[in-house]
Amino acid sequence: MAQAPAAAKPAKKGRRSEFSGMSRALVRRETISAYLFLLPSLIFFVGFVLVPMGICVVYSFLDMGINTSGTTFAGFQNYIEMAGDKVFWQSLRNTVVIVVVAVPAVTAFSLWVGSAIYPMHAAWRSFFRCVFYLPVVTGTVAVTVVWKWIFNPFTGLLNKILHTGTLDWLGNEKTAIWCIILILFTTSIGQPIVLYVAALGNVDKSLIEAAQVDGATKLQVFWKIKWPQIMPTTLYVLVITTINSFQCFALIQLLTSGGPNGSTSTLMYYIFDVAYKYQRFGYANAMGVILALIIAAFSALQFKAAKTGNE
Amino acid sequence: MKKFLALLLSMSMVFALAACGGGSTETPAPEGSAPADGGSGDAEVTRITLWTYPIGQWGGTDPQLDTIIAAFNEAHPEIEVSYELLDYTNGDTQVTSAIAASNTPDIIMEGPERLVSNWGANGLMVDLSDLWADTESDIAATSQAVVSACMGADGNYYEYPLCMTTHCMAINYEVFEQAGALQYIDEETRTWTTDGFVAAMEAVAASGLVSTPAIVYCGGQGGDQGTRALVNNLYSGTYTNADHTAYTANSPENVEALTLLQTLVNDGTISASASFQASDELQAFANQTCAVTFAWNASNKAAYASQAAFTPFAMAFPSDDGVPELCGGIWGFGIFDNGDAAKIEAAKTFIQFVCDDAVQGPESVRLTGFFPVRSSFGDVYAGTDQAEQMSEFQSLMPYLGDYYNVTGGWTEQRTEWFNMLQRILISGGDPQTEADAFVEASNANI
């Protein structure tokens, strides 16, 4: 009869972990150490993320202005007001347009550029990565100053090139939001391109070679071999770009202030306006809660879609 | 050893966190500060903070706060003043954040629309009636409107004023001369009629000397006084009623003015832009893209004149009867009620010194680039190198109209005003309908 190995012997009850085989005391000590290492991050996470989120939810049920002594409980009044607030719905519509247009455009363009520059010589690859990353590291104010000059109706470069007279690109309800999306696009593609180039470098080359030997076309190699392997990067790019697009604020504030006639107002900008210009903190927090829920829903959908795609 | 290292690492992280988040009763690190001289002990020094918007050299690109505080400390070494410079883009956000965090400065320098109508009305400011006791008649002698503007609805004074000015417009003198448009202005009184304004705009447009004679800026929040004054003056309309309890921008006179502007924009005589803010229009004026600016005053002249290769000629806004009513600007100090009697007293001492001191008072006014609200100061620019420049703005002071900026819902109506201009001048909305919508929305916020 074969003798069972010593390691397979059941540990004495209450003395040893049934998984690691370590003594319970040792496991406890290691667990405490692990939590101690996590503690600083946890404190920051709780203090700067969870607690503010909780405060935001609580404040959303208050009628609260800068004179905090006059704060009263408003119940769902802020949420009811939101339902009938035309500016809120206009801002939400604009935000969704920005997300729906910008996110796929940024992802597809970044993937295309990443795929195009990946096979290049290292020097050229670095050059293009720098070129596309430049708008990311350039300050938003500097970027908007340049774009404002380009879009200037009287002296701007765009009207000179297109011979469009004095068309007010940022002052026209039909064109303003597309100008914002264009600028957002240029400032958003840098990081995804760098990520895609890195992700393509991690694709298993033996699989590609095997597919090529089997007669796969370039398109088949991309969709059947590369695409599944860079899916985690795609998911990250989608989620981050979605969140950034939802939170588009600085460009709006610096370029259009939400105008003309609210045609470029986003939820984030409207929340800021309500909180800091009109000093209605309760109402602004209620909108913040709704924005957070929308972003969470979009992100969950993306995770779900990416997971389904992987299967 | 491993346990010891783990504990050491954890403790260092916790201590670092505690150091980051630790509370302090000291004033936060200021942008600038001038410590009190005299070597007195720390316990005897009262520390106060001053936040100031860019009002001439009380902020801006060449602030002189250190000089002012040094002069103050010669007389009051027991008070240490630190300061922070705000701008009109983010200043309100910083102040609102400070209010929300109960971390407001002791003193703040701005106008009655913020100090009185907003923060004062919300019970955040200290009543400064005791400072006014000796100076009210002196200030009233210059303008009773200043006295009224600094007083809240509850009868308390929440602002102690230092200076004032009239907001006006300016023309490119050389362009007007070459276009033959000088005939439509009265150079001596710096006034013109509505008909003269229209004729001048047509003459400048026909000359082709600039891209467009004028740009009615409809974007942003600042510089609204320019477009308000333009609309109100064209047919002698009013912005609010006499007791500042309702907006009246939908009156027949104002609607007629809005209709005229819409016609001028539609036929291409002048332009309107929703992407242009006042600063953009001023820059376009300095670049000679347009021939007039609606956002002129002494401070803007100081900021933009050096860029202009022409003569900016200050003018009153055109009116049907040739008698303009200009919007005024008043700037002064308010004290946030932080509940510390010693700091409030020190803040009052500082304010009195910079506003009322026989030597520092006029110098404080000169640093703003505006005019004194105290009649006893007389002409503070006489004998200085600013005298000639300031004389043209001094000549516009008699046209100072009603100071209605203290009307309730002021912040909200500014947004509504620009939105209304956009709907009328950009989208072609009906002036009466849009003005009615503006008044309804603005009055709802009073």
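Here are the numbers for the structure shown:
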{"quantity": "In nm, spacing of pseudo-spin labels at residue B:446 and residue A:202 (7 Å Cα→C-beta vector)", "calculated": "6.4"}
{"quantity": "Rounded, prolate or oblate (a/c below 1.5 giving rounded, otherwise prolate when a/b exceeds b/c) for chain B by Cα gyration tensor", "calculated": "prolate"}
{"quantity": "As computed over region A:125-200, the Cα convex hull volume per residue (Å³)", "calculated": "107"}
{"quantity": "Ellipsoid equivalent to region A:54-178 - semi-axes via the Cα gyration tensor, in Å", "calculated": "41, 24, 16"}
{"quantity": "Residue-wise HN-Hα coupling along region B:166-181, computed from phi with Karplus coefficients 6.51, -1.76, 1.60 (Hz; x: Gly, Pro)", "calculated": "10, 8, 9, 10, 9, 10, 7, 4, 5, 5, 4, 5, 5, 7, x, 9"}
{"quantity": "Entries of A:86/A:304; A:226/A:304; A:86/A:174; B:301/B:348 with Cα pairs more than 27 Å apart", "calculated": "A:86/A:304; B:301/B:348"}
{"quantity": "Sites residue B:337 and residue A:27, calculated FRET efficiency, Cβ-Cβ separation with R0 45 Å, nearest 0.05", "calculated": "0.20"}
{"quantity": "Inter-chain Cβ neighbour average for residues A:57-67, partner chain, 10 Å", "calculated": "2"}
{"quantity": "Charge dipole of region A:77-310 about the Cα centre (unit charges at C-beta), most positive-ward option of A:262, A:222, A:247", "calculated": "A:222"}
{"quantity": "Estimated dipole of chain A in Debye, rounded to 20 [Cβ of Lys and Arg +1, of Asp and Glu -1, Cα centre]", "calculated": "1180"}
{"quantity": "Rough spin-label spacing in nm, given labels placed 7 Å along Cα→Cβ, for residue B:263 and residue B:174", "calculated": "3.4"}
{"quantity": "Degrees separating the helix B:91-100 axis from the principal Cα axis of chain B, which is the longest one", "calculated": "40"}
{"quantity": "Cβ crowding within 10 Å averaged over residues, with A:208-218, A:27-37, A:89-99, B:412-422 ranked highest first", "calculated": "B:412-422, A:89-99, A:27-37, A:208-218"}
{"quantity": "Shielding score for A:35-47, defined as the mean number of other chain Cβ atoms within 10 Å", "calculated": "3"}
{"quantity": "Shielding of B:412-419 by partner chains, average beta-carbon count, 10 Å", "calculated": "3"}
{"quantity": "Acute angle (nearest 10 degrees) that the helix B:2-21 long axis makes with the longest principal axis of chain B, alpha-carbon atoms", "calculated": "50"}
{"quantity": "Beta bridges by DSSP in the protein assembly as shown, antiparallel share as percent, to the nearest 5", "calculated": "65"}
{"quantity": "Residue A:79-residue B:89 pseudo-label distance in nm [points 7 Å out on the Cα-to-Cβ vector]", "calculated": "3.8"}
{"quantity": "Under 15 Å, Cβ to Cβ, from residue A:274 - net charge with Lys/Arg +1 and Asp/Glu -1", "calculated": "-3"}
{"quantity": "Mean Cβ neighbour count within 10 Å, used as a protection proxy, ranking B:185-198, A:259-272 highest first", "calculated": "A:259-272, B:185-198"}
{"quantity": "Which of B:58, B:360, B:415, positive extreme of dipole for chain B (C-beta unit charges)", "calculated": "B:415"}
{"quantity": "Per-selection metrics, the protein assembly as shown (Cα): Rg and Dmax in Å", "calculated": "31.5, 121"}
{"quantity": "In Å, descending, principal axis extents of the Cα set of region B:213-345", "calculated": "62, 40, 29"}
{"quantity": "Rg followed by Dmax, in Å, when chain A is reduced to its Cα trace", "calculated": "26.4, 96"}
{"quantity": "Antiparallel bridge percentage (DSSP; both residues within chain B; nearest 5)", "calculated": "65"}
{"quantity": "Between helix B:431-444 and chain B: long-axis angle, C-alpha atoms, 0 to 90°, nearest 10", "calculated": "20"}
{"quantity": "Quarter of Cα convex hull surface for region B:41-100, i.e. mean projection, nm²", "calculated": "5.0"}
{"quantity": "Inter-part distance where region B:289-314 and region A:174-211 are each reduced to a Cα centre, Å", "calculated": "46"}
{"quantity": "Total charge dipole magnitude, region B:77-226, about the Cα centre, Cβ charges on Lys, Arg, Asp, Glu only, Debye to nearest 20", "calculated": "520"}
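Read-outs throughout are calculated quantities, based only on the coordinates presented, and are distinct from any laboratory measurement. This structure is a prediction, so every number in the text was calculated from the model and none was measured. Heads up, the Cβs are rebuilt from the backbone with ideal geometry, glycines too, and the neighbour counts pull from every protein chain shown.
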